[in-house]
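Visitor: Quick one: structure below, then a few questions.
The values are calculated or read from the model by the stated rules, or taken from the named source; none is laboratory data. Note that this is a predicted model, so its numbers are computed, not measured. Cβ coordinates were reconstructed from backbone atoms using ideal geometry, including for glycine residues, and neighbour counts include every protein chain displayed. The area values use the complete protein model at the heavy-atom level, side chains included, leaving out ligands, DNA and RNA. Shrake-Rupley method; radii C 1.70, N 1.55, O 1.52, S 1.80 Å.
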Amino acid sequence: EAGVTQFPSHSVIEKGQTVTLRCDPISGHDNLYWYRRVMGKEIKFLLHFVKESKQDESGMPNNRFLAERTGGTYSTLKVQPAELEDSGVYFCASSQKERLAGFTGELFFGEGSRLTVL
Amino acid sequence: AQSVSQHNHHVILSEAASLELGCNYSYGGTVNLFWYVQYPGQHLQLLLKYFSGDPLVKGIKGFEAEFIKSKFSFNLRKPSVQWSDTAEYFCAVNSGGYQKVTFGTGTKLQVIP
């Protein structure tokens, strides 16, 4: 079974440019999450999709960030225009459909997309 | 809001030494607790989890963690580390019934042969 895949693995752009990160979750996983880690800091939650709907986007830094999940399959995270502070590693994770009682317990992560904004 | 504190940012041990990594969380209600590990060049993966029941949880590769509710702690332990345990370890918390998982800042463990 294929795991969570992310593309690109590393992107270097200049301030003001646009970057789009893509995540393909494990097939059949309804839940998809985006996280970001700035060097040395915590892995910070950005948002959570259930299928194609945004369940929680409380962690999105500002309106320069746009996440979509067309058809409830893959997801994209666009940063436009990029700023220096957007540099970091962007992780995508997926999980199975939650039980009636709540969370199933395990997130499956991709290897991350490292974004460097110069 | 839930949050997680990991006290040690970088730990260096010799092989066969015992390991304990601290983790404290702040959330007053029901919590689910996790330790994730990221080996060099690999993706984050689940090491162990606590949902309910026995507060001493055993995970893969000989790791265990103990949930102490009164201390809001979920420390990770291993009696004897190996060089292959070199990795970064993340404690995480999820408030019961909701899927958002909050991570700590991570602890880099370096095991010297």
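Visitor: Counting only residues that are within 11 Å of chain B (Cβ to nearest Cβ) and crowded, with 20+ Cβ neighbours inside 10 Å, give me the strands (runs of 3 or more DSSP E) lying completely in segment A:16-63 with at least 2 of them.
Guide: Details: elements: A:19-24, A:31-37, A:43-50, A:53-56.
Per the criteria, A:31-37, A:43-50.
Visitor: Same structure, new question: Could you list all residues from segment B:17-38 that are open to solvent by less than 40 Å² (accessible area, probe 1.4 Å), touching a strand residue (DSSP E or B) at 6+ places or on another chain (Cβ under 7 Å) and not in a strand (DSSP E or B)?
Guide: Across segment B:17-38, the qualifying residues are B:G22, B:C23, B:G29.
Visitor: Answer yes or no as to whether A:V19 is at negative phi, in contact with a strand residue (DSSP E or B) (Cβ under 7 Å, 6 or more places away or on another chain) and in contact (Cβ under 8 Å) with a residue 60 or more places away in the chain. Walk me through it before giving the result.
Guide: On the way: at negative phi: yes; in contact with a strand residue (DSSP E or B) (Cβ under 7 Å, 6 or more places away or on another chain): yes; in contact (Cβ under 8 Å) with a residue 60 or more places away in the chain: yes.
For A:V19, the condition - at negative phi, in contact with a strand residue (DSSP E or B) (Cβ under 7 Å, 6 or more places away or on another chain) and in contact (Cβ under 8 Å) with a residue 60 or more places away in the chain - is met.
Visitor: Does B:L19 count as modelled with pLDDT under 95 and farther than 22 Å from A:D56 by Cα?
Guide: Working: modelled with pLDDT under 95: no; farther than 22 Å from A:D56 by Cα: yes.
Here the answer is no, as B:L19 does not meet what is asked.
Visitor: Can you confirm whether B:S73 is more than 14 Å from the chain's Cα centre (by Cα) and hydroxyl-bearing (S, T, Y)?
Guide: Values: more than 14 Å from the chain's Cα centre (by Cα): no; hydroxyl-bearing (S, T, Y): yes.
So B:S73 fails the test.
Visitor: Next question, about the same structure. Taking B:T102 as meeting all but one of (1) polar (S, T, N, Q); (2) farther than 23 Å from B:Q2 by Cβ; (3) buried (at least 21 other Cβ atoms within 10 Å of the Cβ), write down the number of the exception.
Guide: The number of the failed condition is (2).
Visitor: Please state which one of A:T76, A:T70 is polar (S, T, N, Q), free of Cβ contacts under 8 Å to residues at least 24 places away in the same chain and away from every other protein chain (no Cβ under 11 Å).
Guide: Step by step, each of A:T76, A:T70 is checked, and only A:T70 is polar (S, T, N, Q), free of Cβ contacts under 8 Å to residues at least 24 places away in the same chain and away from every other protein chain (no Cβ under 11 Å).
Visitor: Let me ask something additional. Conditions: (1) open to solvent by 30 Å² or more (accessible area, probe 1.4 Å); (2) touching a residue at least 12 places away in the same chain (Cβ under 8 Å); (3) of a type outside the set (S, T, N, Q); (4) more than 12 Å from chain A (Cβ to nearest Cβ). B:K49 meets all but one. Number of the miss?
Guide: That leaves (4) as the condition not met.
Visitor: Does segment A:31-40 contain any residue that is farther than 22 Å from B:H43 by Cβ and not aromatic (F, W, Y)?
Guide: Start the filter on segment A:31-40 by keeping residues that are farther than 22 Å from B:H43 by Cβ, which leaves none.
No.
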